[in-house]
Amino acid sequence: MLAFDPLVLLDAALRGTLLALLLLLSAILGRDRPQLLVVRAGIALCLGLAVQVISATPWFEATVPRLWQAPLVAISVANAVLFWVFVQALFDDDYALRAMHLLAWFAVAALSALNCAVVAGSASIIAPLTVGLQRAIPLIFAILAALAAARNWRTDLVEARRRLRAFIVIAGSIYTVLLLLARLSSPQGRLAGGTAMADVLVLLLIIAIVTFRMLKLGHLDLFPLPAVSSKEQTFLQDDPLPLTAPDVGEDKLVIALQKLMQDERHYRSEDLTLASLAGKMQIPEYRLRKLINQQLGYRNFNAYINAFRLDEARAALADPARRDLPVLTIALTSGFQSIGPFNRAFKTATGLTPTEYRKENMADS
């Protein structure tokens, strides 16, 4: 009669539960707008983690030939790149995938596959370098993800998403560091026994919390509305509809805020931030975030401010009386600090450069 190790059965049960949660999380991510980059990145990360859960099984690492393990190890290590991409897409509604991101994923996957199939355990002189680089990759991309989160977190106006993002970044970074330390302290970098069990438990806890939080979040809290074409997109005239009906107190704050922006043109202020605007209105930051998000429909503070700036710039560029005014002067007067960010924001909003927009409107006048 075969004897079963209870720990092996428990490990299998935990991994099965974790795989089921990862598939559920993939379904949640794709339930509304699967065409969004953040959704696709999240689904890819979930599937990559599922591969990692399978390939990190002690029995699998100990018995399966390394050549067969190589593709799964490649995907597992490259999850660090996917995590970085997912965090950037989650924090920035305007984030765009570039060739460098795909190149980074393929480079990490290729290096990890080569190490697993050929280099690791060999007498090659490059082994210490390539294996050391592979072990450093998760930490490098965890740091990059944390930096990306910190860079955009302050301008996020969706409170529920801010909390979820903070948890994902903090928990994901801690898990990455702990897993790296565990593999560095294990023979040949393999997880076994209690270490493997702890790895599954920590990842299971993180995924369970994220899945629970996302089940409670509305789709508008997590993801932006579908993008419209540049010809359909306008600023201020077509503001997003409020998500909640304002009460009397909130209505007064909205009027005061719009007075600051439209009448006093406070959006022109140098180094305008959410904190400085909240101080100007003498309300807490969280209340101003809620006001702009839930009453005016904006998800990002910079998008809200740039709506006013771009509206003024478009009016100036279309004004025949100001046809000789330099584009740089218009950009600076509208509140932009330099020509680069202005050109990028204008092209994103209209599909045209400021010069092209001016020529097109002058031709029509």
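Could you please tell me which pairs satisfy a Cβ distance under 7 Å, a separation of 6+ or placement on different chains, a first residue in the stretch 332-351 that is without any contact (Cβ under 8 Å) to a residue 60 or more places away in the chain, and a second residue that is open to solvent by 20 Å² or more (accessible area, probe 1.4 Å) and of a type in the set (D, E, K, R)?
Close Cβ pairs satisfying both conditions: Phe336/Arg309.
For (1) crowded, with 19+ Cβ neighbours inside 10 Å; (2) in contact with a helix residue (DSSP H, G or I) (Cβ under 7 Å, 6 or more places away or on another chain), each residue gets a yes or a no:
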{"position": "Ala80", "(1), (2)": "yes, yes"}
{"position": "Phe83", "(1), (2)": "yes, yes"}
{"position": "Phe86", "(1), (2)": "yes, yes"}
{"position": "Leu90", "(1), (2)": "yes, yes"}
{"position": "Ala99", "(1), (2)": "no, no"}
{"position": "Leu103", "(1), (2)": "no, no"}
{"position": "Ala113", "(1), (2)": "yes, yes"}
{"position": "Thr130", "(1), (2)": "no, yes"}
{"position": "Gln134", "(1), (2)": "yes, yes"}
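How do the helices (runs of 4 or more DSSP H) wholly within the stretch 36-93 filter down when requiring 3 or more residues that are closer than 21 Å to Leu24 by Cα and touching a strand residue (DSSP E or B) at 6+ places or on another chain (Cβ under 7 Å): which remain? Please lay out each step first, then the result.
Details: elements: 37-55, 58-63, 66-91.
Once the helices (runs of 4 or more DSSP H) in the stretch 36-93 are filtered for at least 3 residues that are closer than 21 Å to Leu24 by Cα and touching a strand residue (DSSP E or B) at 6+ places or on another chain (Cβ under 7 Å), nothing remains.
Looking at the stretch 153-172, which of its residues are hydrophobic (A, V, I, L, M, F, W, C) and buried (at least 18 other Cβ atoms within 10 Å of the Cβ)?
Leu157, Val158, Leu164, Ile168, Val169
Search the stretch 336-365 for residues being more than 20 Å from Asp94 (Cβ to Cβ) and not hydroxyl-bearing (Ser, Thr, Tyr), and hand back the single one that is most open to solvent (accessible area, probe 1.4 Å).
Lys359
Of the residues Pro326, Pro284, which single one is farther than 25 Å from Arg163 by Cα, open to solvent by 30 Å² or more (accessible area, probe 1.4 Å) and at pLDDT 90 or above?
Going through Pro326, Pro284 in turn, the sole match is Pro326.
Report, ordered by the first and then the second residue, all pairs with beta carbons closer than 6 Å, sequence separation of six or more or different chains, a first member in the stretch 186-215 that is buried (at least 16 other Cβ atoms within 10 Å of the Cβ), and a second member that is among the charged types (D, E, K, R) and modelled with pLDDT of 80 or more.
Final answer for the pair search is Val200/Arg15.
The values are calculated or read from the model by the stated rules, or taken from the named source; none is laboratory data. Only a predicted model underlies this, so the values are computations on that prediction, with no experimental measurement involved. In this analysis, Cβ positions are derived from the backbone assuming ideal geometry, glycine residues included, and neighbour counts consider all displayed protein chains. Each accessible area value is taken on the protein alone, full model and side chains, heavy atoms only, with ligands, DNA and RNA left out. Shrake-Rupley method; radii C 1.70, N 1.55, O 1.52, S 1.80 Å.
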